[in-house]
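Notes to accompany the following structure.
The values are calculated or read from the model by the stated rules, or taken from the named source; none is laboratory data. Because the structure is predicted, anything quoted here is derived from the model rather than measured. FYI the Cβ positions are ideal-geometry reconstructions off the backbone, even for glycines, and counts take in every protein chain you see. Accessible surface is based on the protein model in full, side chains and every heavy atom, while ligands, DNA and RNA are left aside. Shrake-Rupley method; radii C 1.70, N 1.55, O 1.52, S 1.80 Å.
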Amino acid sequence: MTRVGKKSSKLGCEYCPLNEVPGIRKIKGTVEGKDIFVWAQSPGLDENRDKQELVGPSGQFLWRELKLVGITREMCDIQNVVRCVPADRVESVSRPLKMRKPTKEEIRCCSLYTIQAVEKQKAKLHLVFGVIAQKELLGAEYKKDKKVFWSEKLNGKVVCLEHPTYFIFMGYRDKSREPNAQLLKFRERLDGLSRLSDVGGDR
């Protein structure tokens with residue numbers, strides 16, 4: 001297994017350890033100034049293959065759930081706070097990229113593109129999935145128990161939710177095949193979005 005790279009005070013792909021791992025593709029997306037912004041952690045192997053955010057099982061789950069409250073992919077700007085799949089190269093296996101959590105150095109190097117996306121965005125509503133994305137995007141505004149609030153940094157309403165990967169790996173149905181408590185709570189928070197008279201809401 002190889003994880004190449006050294007720490008640097010500089011930002012960007014050139015200085016990121018993931019830049020040196022064969023088979024990893026950069027997925028930076030575009031920011032078009034849409035009213036809704038979806039933020040997640042990082043691409044998975046399916047996203048790395050297709051070079052597009054949130055297209056694997058977790059992404060498919062997420063877009064199904066968002067559709068229930070009237071939000072489609074076309075309505076959203078989409079970014080990950082890490083633009084490459086966090087993975088190590090493992091030789092002599094059928095799938096040579098082994099996924100893991102992104103390192104602090106990888107997140108830091110990619111913060112350049114997060115800053116640029118924040119400067120360009122015009123969203124009234126930011127949906128932020130997963131603790132890693134929430135901490136990196138929100139900085140000092142992040143609070144563990146603060147799930148819905150107005151962000152001065154983003155100049156918009158923020159809703160913090162579980163990353164959809166959680167439901168894929170942990171399951172989201174009980175033994176009777178009905179939605180479990182975690183999924184019902186997730187849906188309740190999403191359903192609150194559809195009740196906003198303005199996606200920006202009040203401060």
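Selection of first residues in segment 41-62 that are without any contact (Cβ under 8 Å) to a residue 40 or more places away in the chain and under 12 Å from ILE78 (Cα atoms) and of second residues that are open to solvent by 40 Å² or more (accessible area, probe 1.4 Å) and part of a loop (DSSP other than H, G, I, E, B), restricted to Cβ pairs under 7 Å at least 6 apart or on distinct chains, gives the following pairs, ordered by first then second residue: GLU53/GLY29.
Cβ-Cβ distances below 8 Å connect the following pairs, each with a first residue in segment 104-122 that is within 9 Å of VAL31 (Cβ to Cβ), a second residue that is surrounded by fewer than 13 Cβ atoms within 10 Å (Cβ to Cβ), and a separation of six or more residues or different chains: LYS120/GLY33; GLN121/GLY33; LYS122/GLY33. Residue selection: LYS135 satisfies the criterion of being modelled with pLDDT of 95 or more, over 23 Å from THR30 (Cβ atoms), touching a Phe, Trp or Tyr at 6+ places or on another chain (Cβ under 9 Å) and open to solvent by 90 Å² or more (accessible area, probe 1.4 Å). Could you tell me whether segment 73-90 includes any residue that is in contact with a Leu (Cβ under 6 Å, 6 or more places away or on another chain) and more than 26 Å from LYS120 (Cβ to Cβ)? For segment 73-90, residues in contact with a Leu (Cβ under 6 Å, 6 or more places away or on another chain) and more than 26 Å from LYS120 (Cβ to Cβ): present. Check whether at least one residue in segment 106-124 is surrounded by 15 or more Cβ atoms within 10 Å (Cβ to Cβ), out of contact with any Phe, Trp or Tyr (no Cβ under 8 Å at 6 or more places or on another chain) and part of a loop (DSSP other than H, G, I, E, B), and report yes or no. Checking segment 106-124: at least one residue is surrounded by 15 or more Cβ atoms within 10 Å (Cβ to Cβ), out of contact with any Phe, Trp or Tyr (no Cβ under 8 Å at 6 or more places or on another chain) and part of a loop (DSSP other than H, G, I, E, B). No other residue among PHE186, PHE169 is at pLDDT 70 or above and open to solvent by less than 70 Å² (accessible area, probe 1.4 Å) apart from PHE186. Residues in segment 125-166 that are of a type in the set (Gly, Ala, Ser) and assigned to a helix (DSSP H, G or I) were compared, and the one that is nearest to LEU62 (Cα to Cα) is ALA133. Determine which member of the set ASP46, ASP35 is open to solvent by 20 Å² or more (accessible area, probe 1.4 Å), closer than 15 Å to PRO164 by Cα and of a type in the set (Asp, Glu). Just a single option satisfies the conditions, and that option is ASP46.
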